[in-house]
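**Student:** Sending over a structure as structure tokens; questions will come in a sec.
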Amino acid sequence: HTMTRPRHFLDICDLPGPELRQILELAKTLKAKRVKGVPPVERPLAGKYLAMVFDKPSTRTRVSFDIAMRDLGGETIMLTGGEMQLGRGETIADTARVLSRFVDAVMIRILSHEDLTELARHASVPVINGLTKLSHPCQIMADLLTFEERLGRIDGSTVAWVGDSNNVLASWVHAAARFGFTINVATPPELAPPQALLDWAKANGCAMNVTADAYAAVAGAQAVITDCWVSMGDEDEDFRRRVLAPYQVDAKLMRAAAKDAIFMHCLPAHRGEEVTDEVMDGPQSVVFDEAENRLHAQKGVLAWCLAPGIY
Ligand code: CP
Ligand code: NVA
């Protein structure tokens, strides 16, 4: 039988630029409409249920999806890996089939990207990537919103990533190709971006420059971005801290970027490791706007998945 594929939000690289732009603009519209403490008048997701599956810890993703869904009139169900039969060996595919009978969408945080795509393959409802070891697309939608609030359209701009090459960087690279901006990446040679990501960037016309020199990467950049040195699931913590030490974002590095460049971090931050207190708490930092914007970006994603064409 034929069944149209649900509108999964698995990766920024899966969607064409104009569609992503539409989600971003929707997020801006919904943010403009929201007055804290006043329930929104429109409830486009009334009667819809979102299951949230967390196999790993979360503060922002969990709270922002929960509030986003409720603001739009929907309901949420929180599940953690260990509490589910998934933890006792029920397959991802069967879990997808069962959840699809109950809920209208599934948001999942799970380290294995293969498990995410397996879930999506067997779900008949939209599946949203709430972070895997490979990517973190919802975060970057919020980050694009944050960048554009401060600095206008990101098209044609330059951003600099400094530090580890991880899931958050991968989604930034996908966004650079789809939204048309340059991304300069400074990582220690030992933690350089994976070949698959470099190949993807090349094949997709992404303006990505990789260097080991943090100062070279930030020169001319409108945003300096970093993330923790030890991500969920990483090992070799001592090795990572040692090779990443020269990549700390401090005031001196910020001064080497474009004038009035913003500092971005998806959080949680490890103050004194990848970033100094001075930069985190300084006037260029937009890290708490990024956190808030998870809420608005998530609404854009949820409405795109569950109520296409409603706005
Ligand atoms: N940035 C982010 O995804 O934060 P949480 O791990 O708290 O969800
Ligand atoms: N790179 C980090 C992001 C946390 C939101 C991790 O994967 O742990």
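Only the coordinates and a few stated rules stand behind these numbers; no lab work does. This structure is a prediction, so every number in the text was calculated from the model and none was measured. When we count neighbours, we look across all protein chains shown, and the Cβ atoms used for this are built from the backbone with ideal geometry, even at glycine.
**Student:** For the chain, what is the calculated [θ] at 222 nm in deg cm²/dmol (nearest 500), taking -39500 (n - 2.57) for each run of four or more DSSP H residues and dividing by its residue count?
**Tutor:** On the way: 12 runs with 129 residues, N = 311.
Roughly -12500 deg cm²/dmol at 222 nm, from the helical runs in the chain.
**Student:** I would also like to ask the following. Take peptides 30-41, 161-172 and line them up by average Cβ neighbours within 10 Å, highest first, as a rough protection proxy.
**Tutor:** On the way: 30-41: 11.5, 161-172: 25.9.
Ranking the peptides 30-41, 161-172 by packing returns 161-172, 30-41.
**Student:** Here's something else I'd like to know. Which entries in the list LYS133/LYS259; LYS133/LYS202; LYS28/LYS133 go over 30 Å, if you measure between the two C-alpha atoms of each?
**Tutor:** Details: LYS133/LYS259 33 Å; LYS133/LYS202 21 Å; LYS28/LYS133 28 Å.
The pairs that break the limit, which is 30 Å between Cα atoms, are LYS133/LYS259.
**Student:** Roughly how far apart, in whole Å, are the Cα centres of the range 103-139 and the range 141-215?
**Tutor:** That distance is 22 Å.
**Student:** Additional query: Gap in Å between the Cα centre of the range 253-311 and the Cα centre of the range 7-51?
**Tutor:** 17
**Student:** Here's another thing I want to ask about it. So who's got an amide H within less than 5 Å of the one on THR76, skipping anything under 5 residues away but keeping other chains? H placed 1.01 Å off N, in plane.
**Tutor:** Sorted by chain and number, the residues that satisfy this are LEU50.
**Student:** Could I ask something else about it? For Cα pairs less than 8 Å apart in space and 6+ apart in sequence, what is the mean separation divided by the residue count of the range 139-288, i.e. the relative contact order in percent?
**Tutor:** Working: 279 pairs, mean separation 35.9, N = 150.
Averaging sequence separation for qualifying contacts and normalising by length gives 24 percent for the range 139-288.
**Student:** Going toward the positive end of the dipole of the chain, with +1 on Lys and Arg Cβ and -1 on Asp and Glu Cβ, which of LEU15, ALA203, LEU86 do you reach last?
**Tutor:** Highest projection toward the positive end goes to LEU15.
**Student:** Evaluate the relative contact order of the chain (contact order divided by residue number), counting alpha-carbon pairs under 8 angstrom at least 6 apart; express in whole percent. List each step's numbers first, then the result.
**Tutor:** On the way: 610 pairs, mean separation 65.7, N = 311.
Across the chain, relative contact order equals 21 percent.
**Student:** Same structure, new question: Report the one residue of GLN222, ALA192, TYR247 whose Cα lies farthest in the direction of the positive end of the charge dipole of the range 139-288 (charges on C-beta: Lys and Arg +1, Asp and Glu -1; origin at the Cα centre).
**Tutor:** Farthest along the dipole direction, towards plus: GLN222.
**Student:** If you don't mind, another one. Could you give the size of the charge dipole of the range 139-288 about its Cα centre, using +1 on the Cβ of each K and R and -1 on the Cβ of each D and E, expressed in debye and rounded to the nearest 20? All intermediate terms of the calculation are to be shown ahead of the outcome.
**Tutor:** Working: 11 positive and 21 negative charges, 113 e Å.
Here the size comes out at about 540 debye.
**Student:** Looking at the range 139-288 from every direction and averaging, what is the projected area of its Cα convex hull in nm²? Intermediate values should be presented prior to the final figure.
**Tutor:** Values: hull surface 31.5 nm².
Mean orientational projected area (the range 139-288, Cα hull): 7.9 nm².
**Student:** Please report the relative contact order for the range 1-74, taking Cα pairs under 8 Å with a sequence separation of at least 6, and give it as a percent rounded to a whole number.
**Tutor:** Working: 29 pairs, mean separation 24.9, N = 74.
After rounding, I find 34 percent.
**Student:** Roughly what % of DSSP beta bridges within the chain run antiparallel, to the nearest 5?
**Tutor:** Restricted to the chain, the bridges split so that about 0 percent are antiparallel.
**Student:** Give me the extension gain from ALA251 to THR59: residue separation times 0.36 nm, minus the current Cα-Cα distance, reported in nm with one decimal.
**Tutor:** Values: separation 192, 0.36 × 192 = 69.12 nm, distance 2.75 nm.
Value of the extension gain: 66.4 nm.
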